[in-house]
Structure formats: C-alpha cells, structure tokens
1. Would you be able to say whether some residue in the stretch 33-43 is of a type in the set (D, E, K, R) and in a helix (DSSP H, G or I)?
2. Residues of the stretch 33-57 being surrounded by 15 or more Cβ atoms within 10 Å (Cβ to Cβ), of a type in the set (Ser, Thr, Tyr) and under 21 Å from Gly79 (Cβ atoms), which ones?
3. If you go through the stretch 243-254 one residue at a time, do you hit one that is at pLDDT 95 or above, crowded, with 18+ Cβ neighbours inside 10 Å and closer than 26 Å to Leu20 by Cα?
4. All but one of (1) surrounded by 19 or more Cβ atoms within 10 Å (Cβ to Cβ); (2) in contact with a helix residue (DSSP H, G or I) (Cβ under 8 Å, 6 or more places away or on another chain); (3) more than 24 Å from Gln218 (Cα to Cα) hold for Met337, so report the exception by its number.
5. Search the stretch 177-199 for residues that are among the hydrophobic types (A, V, I, L, M, F, W, C) and part of a helix (DSSP H, G or I) and pair each with any residue that is at pLDDT below 90 and surrounded by 11 or more Cβ atoms within 10 Å (Cβ to Cβ) when their beta-carbon atoms are under 6 Å apart and the residues are at least 6 apart or on different chains.
6. Give just the number: which of (1) free of Cβ contacts under 8 Å to residues at least 40 places away in the same chain; (2) under 25 Å from Thr212 (Cβ atoms); (3) surrounded by 23 or more Cβ atoms within 10 Å (Cβ to Cβ) does Val18 not satisfy?
7. For Ser155, indicate whether it is within 23 Å of Ile173 (Cα to Cα) and either of a type outside the set (Phe, Trp, Tyr) or out of contact with any helix residue (DSSP H, G or I) (no Cβ under 9 Å at 6 or more places or on another chain) (or both).
8. Can you pull out the residues in the stretch 288-346 that are of a type in the set (S, T, N, Q) and either more than 16 Å from the chain's Cα centre (by Cα) or within 26 Å of Val93 (Cα to Cα) (or both)?
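The values are calculated or read from the model by the stated rules, or taken from the named source; none is laboratory data. Source: prediction; values computed, not measured. Note: ideal-geometry Cβ built from the backbone for every residue, glycine included; neighbour counts use all protein chains shown.
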Amino acid sequence: MIKAGIIGSTGYAGQELVRLLLGHRETEIVWYGSKSYIDQKYYQVYGNMFEIVPDTCLDDNMEELSEKADVIFTATPQGLCASLVNEDILTRVKIIDLSADFRIKDVSVYEKWYGIEHKSPQYIGEAVYGLCEINREQIKGKRLVANPGCYTSCSILSLYPLVKEGIIDPDTIIIDAKSGTSGAGRGAKINNLYCEVNENIKAYGVTTHRHTPEIEEQLGYACGKKLLLNFTPHLVPMNRGILTTSYAALSGKYTYEEVRAVYDRYYEKEHFIRVLDKDVCPETRFVEGSNYVDVNFKIDERTGRIIVMGALDNLVKGAAGQAVQNMNLLFGLPETMGLEQAPMFP
C-alpha cells in the first residue's frame, strides 16, 4: 500500500484528494494536514466524511510526515510547499505539489506574477510539469511533480495538438475561460459570497491572471519558441467546472477531417481525453465529478480561424484527479486507478 499524506486536506482540492484516495485500492491516507483545523476531527470539517474518516486533522509538519508517508500532496497556497521542502525530505518521499511553486521554470517570472519570493528555486529545474498526457515519460520515477493548474490543464490540452503540429499561429491565441466558484478556494472572501456570485458573471484578472505565464510556457515548448497570448478568466455561478473557448488563426487551409485526424492521433489512446463528435460543444455538466476532459473544435472558414473548446472539472482533472494520475505514474500503477468514476449528472 502507498502511504499518502495530504497537507491542506481541508481545502476544496484537498477534500477532493481525500475522496479519490479513499477509493484507491493501493493507497492509505496516513496524514490529514490542515493548519486551520488542527486537532479537529476531519468529519467535523466535512460532514460527508462522517463514519468514513475518523482521523483528526494534523499540522503541516512536512519533516515528520516524510517519515510516515511514501508520497505527500501539498494542496496549499502558493509559497508554502517551496518553504517546507528540502533535500532530506526529498530523499525520503515523493511530493506532488498542487500549488504553482514549481510549475514555472523561470523563477523571476514566478516571483513577478505571484508577488512572492521563491524559497527553494534549486528544485525548480528537477520538478516535472505533471500534465500526464504530455509529460508521461518524464513524470515516471521523479521525486517532485508540479501539478498543473485547472485553467491551464483545460487550455493546454485543448490546444496542444494544433500548436505542436503548426496548424495554428500560436501568437494569435486568445483564450476565454470560465470557472465555477470552487476554483477560488474555500477561504472566506466577500467576492465569493452567494449574493455576490449568484445571477452574475464577471471577468477578473484581465491581463494579469497568474495562469497566463504557465500556459505560455507549456505551449511554448510545444511550438519551440516563446509566445504571448491573451487569457481572460470569468467567474460563473456554479460549484465546479472549467470551460475554455480559444481562438487562433489557422496557418493554412484545413478541412474538418484533417484537423480531426490530428486530434485523434494525439488523443485516441488517452483514456481521460474525449474528442467529441462533430459540432458537439463541450459542457461542464458532462465532466462533473470526473477526471475527463472533453474537447472539440470548429473551423471558421470565413475568418480563417479555428475555435477550440474544452471542459473539465476544476477539482478533479484540474487538481486532485490529475494529482492521483501523477501518483499512479510515479509508483508504476495503472494510470487510471482510482479515477474510473463516470461523470455525475445531473
């Protein structure tokens, strides 16, 4: 059995990790970390875990945890994992970090966009970006994985084949994204109150959202050059889900069949990526509670552009599910283990 510890287990992504790992037949959770709820029973924080999880919440002592676990998940705000990790810990345990601390390879870019000093830049180089469908072989055997962001996972996976094959001009990419409120975390914030969010939709982080450099960096690797793109997120009144609609200029004349063949070549063997039938648009309700990503596209012959759509559950494939997928790769398990749940509907 893999012994897993979770630092930040009482946030939304952390609780989703608990839910998924409880159903993983090769994993035992040995540490429910939560700085805000130390010494409280986990089920007192999340009533859905009553008579399922009897454990008490512990602190974020990564040193002690590394003596008890085989893998540590850090579902914490930016900066915490980087401030805790050290060489002794990494010699004993694998770490899957759900924050942005090790996603961006240029420390100056990270510090600029996140506004904090990076506490362990010496590990950025060895950390692998944990988007399994693209970096599967690089992830295997590593000791530090940077779990991708939710917006970035949806944006990158929906666009990657087109960028990699040069079918679009990557410098023309515009990404319009929408997220449910759980993407903002569980902390008390006025802007996330029911009356502030319900019956409303708004853009935020316009030109400044922190996922922008992450998307640029990863798609830049795909096309072999640095690129700039526009990324605008929106908050919508639903609990879960990410929907991205991306626009880009085609590099030439392509038929639907030609572009579809590219997507099939990249994704037909990927269990968690579903390229939908022609003219069917992805919807967040059809991926909810699952590790699936639904993708499709539409060619606009009038403008010479392509519209690419993607949908995923921000707490599963956008966070906890992706982390479990990474754990499976790190420990040589079937990649789908513990993640076979069909989407919930309604």
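1. The answer is no; no qualifying residue exists.
2. Of everything in the stretch 33-57, those that are surrounded by 15 or more Cβ atoms within 10 Å (Cβ to Cβ), of a type in the set (Ser, Thr, Tyr) and under 21 Å from Gly79 (Cβ atoms) turn out to be Ser34, Tyr37.
3. Yes, the stretch 243-254 contains a residue that is at pLDDT 95 or above, crowded, with 18+ Cβ neighbours inside 10 Å and closer than 26 Å to Leu20 by Cα.
4. Evaluating Met337 over (1) surrounded by 19 or more Cβ atoms within 10 Å (Cβ to Cβ); (2) in contact with a helix residue (DSSP H, G or I) (Cβ under 8 Å, 6 or more places away or on another chain); (3) more than 24 Å from Gln218 (Cα to Cα) leaves (1) as the failure.
5. Pairs that qualify, where the first residue is among the hydrophobic types (A, V, I, L, M, F, W, C) and part of a helix (DSSP H, G or I) and the partner is at pLDDT below 90 and surrounded by 11 or more Cβ atoms within 10 Å (Cβ to Cβ), are Ala184/Asn192.
6. (2)
7. Considered against the rule, which asks whether it is within 23 Å of Ile173 (Cα to Cα) and either of a type outside the set (Phe, Trp, Tyr) or out of contact with any helix residue (DSSP H, G or I) (no Cβ under 9 Å at 6 or more places or on another chain) (or both), Ser155 comes out as yes.
8. Taking the stretch 288-346 first, the residues of a type in the set (S, T, N, Q) are 290-291, 296, 303, 314, 322, 325-326, 328, 336, 341.
Within the stretch 288-346, Asn291, Asn296, Thr303, Gln322, Gln325, Asn326, Asn328, Thr336, Gln341 meet the criteria.
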